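Asker: Next up is a structure, given as structure tokens.
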């Protein structure tokens, strides 16, 4: 290999800059809020994950062509329980505007009645899903997927930060 | 490292990397961090746009690996394990200077391209229509498949970032330990050599435009959810 005295400094600087840039990437999660993040934010995010996973489990059952209604009922029951749990998971001061890593909009606290209503829509839709699964009617369960999906969307549209 | 070489004319510049190779390379270098940042910050509109851009560049680079210039072609730089092993033992260079990817660098190129392809491929199907952004092909697969691919997309990014970090370390190693600047040729397209070396072809512009048009058409089709043709 030939060696040249060609300027090796600029590339070195470039490389270091690139590496430094990569290093600082992880610092982007910093928030403007002071103090530790309220634990309830992680809890409610895990709870919404549970709702999402239950919904996926139900839709997955319907895709197979041979749905396991006990599994659907079980998933709908978990969804319903998680929907109840959300009622206690939105204390004041935990919005995205408070500087936390969350998508909870301040409208949750500005329009509490509408938020409760949106939550009730999920409670009703999941309760109805339990009943339909118990009846073992695939078509009815499939139709109810739309109702559950609308209740998700209804709340996301008004109370969750739009990121897509 | 043969220092005893007959006195030759001072180093002269030879063409190494064509324009498309350099453009795709630096676009990858910008897009991968941009994709990571956009995902970490839930900027899904941007994330999808960057992802589609990366898809187009990857498709282009793979085609250019078939139809591009000599140093861009897979057949010219992908070597067997024997060549890689000999390169590692420092045997392959000999007195003849070479341009283009080394047998070891070729593996790095393949690994990086393959990892980005896996990441883009899973991203196309990722997401859940009831919960935020989805890739353009999400509706072509079932909800559980999409969920599994989303999980893949979420952890496989660390493979991509790990390979990128390894790639940067290798460049630093070549620069500092081997005194071989790999960055400047990737910027300028040419490198200084002393011996007689067969230079790379100039960028064939018509072929460049044609391959780019094919890659762009394919990418637009995918971005629109791969609708049935005709």
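Just so it is clear, none of the values below were taken in a lab; they were calculated from the coordinates. Predicted, not measured: the structure shown is a model, and the values here were computed from it. Glycine gets a Cβ as well: all are built from the backbone with ideal geometry, and neighbour counts include every protein chain shown.
Asker: If we count other beta carbons within 10 Å of each Cβ, what is the order of B:152, B:17, fewest first?
Answerer: B:152, B:17
Asker: Scale the Cα Rg of the stretch B:63-135 by the rule-of-thumb value 2.2 N^0.38 Å and send over the ratio, two decimals.
Answerer: Taking the Cα Rg and dividing by 2.2 N^0.38 Å, one obtains 1.59.
Asker: Next question, about the same structure. Over chain B, what is the relative contact order in percent, taking alpha-carbon pairs closer than 8 angstrom and at least six residues apart?
Answerer: For chain B, the relative contact order is 34 percent.
Asker: Ratio of Rg to Rh for the stretch B:162-230, alpha carbon only, Kirkwood?
Answerer: A ratio of 1.19.
Asker: Quick one: grab the alpha carbon gyration tensor of the stretch A:98-164, order the square roots of its eigenvalues as a ≥ b ≥ c, and give me rounded if a/c is under 1.5, else prolate or oblate depending on whether a/b is larger than b/c.
Answerer: Prolate.
Asker: I've got another one for you. Could you grab the relative contact order for the stretch B:54-150? Cα pairs under 8 Å, six or more apart, rounded to a whole percent.
Answerer: Here the relative contact order equals 20 percent.
Asker: A further question on this structure: In terms of the ratio Rg/(2.2 N^0.38 Å) built on C-alpha atoms, what value belongs to the protein assembly as shown?
Answerer: 1.28
Asker: Could I ask something else about it? Once you sort the root eigenvalues of the Cα gyration tensor of the stretch B:106-230 as a ≥ b ≥ c, which label holds: rounded (a/c under 1.5), prolate (a/b larger than b/c) or oblate (the other case)?
Answerer: Because a/c hits 1.5 or more and a/b fails to exceed b/c, the stretch B:106-230 counts as oblate.
Asker: Order by neighbour count: B:207, B:15, fewest other Cβ atoms within 10 Å first, most last.
Answerer: So the ranking, lowest neighbour count to highest, is B:207, B:15.
Asker: Hey, what's the Kirkwood Rh for the stretch A:29-156 if you take every pair of different alpha carbons, in angstrom?
Answerer: 15.6
Asker: Now for a different question. Mind telling me which of B:193, B:16, B:59 comes out most flexible in a GNM of chain B, alpha-carbon contacts under 10 Å?
Answerer: B:193
Asker: Quick check on the stretch B:18-107: take the gyration tensor over C-alpha atoms, sort the square-rooted eigenvalues as a ≥ b ≥ c, and tell me if it's rounded (a/c under 1.5), prolate or oblate.
Answerer: Prolate.
Asker: Taking only the alpha-carbon positions of chain B and ignoring solvent, what does the Debye formula give for the base-10 log of I(q)/I(0) at q = 0.09, 0.13, 0.14 Å⁻¹?
Answerer: The Cα Debye sum returns log10 ratios of -0.45, -0.86, -0.96.
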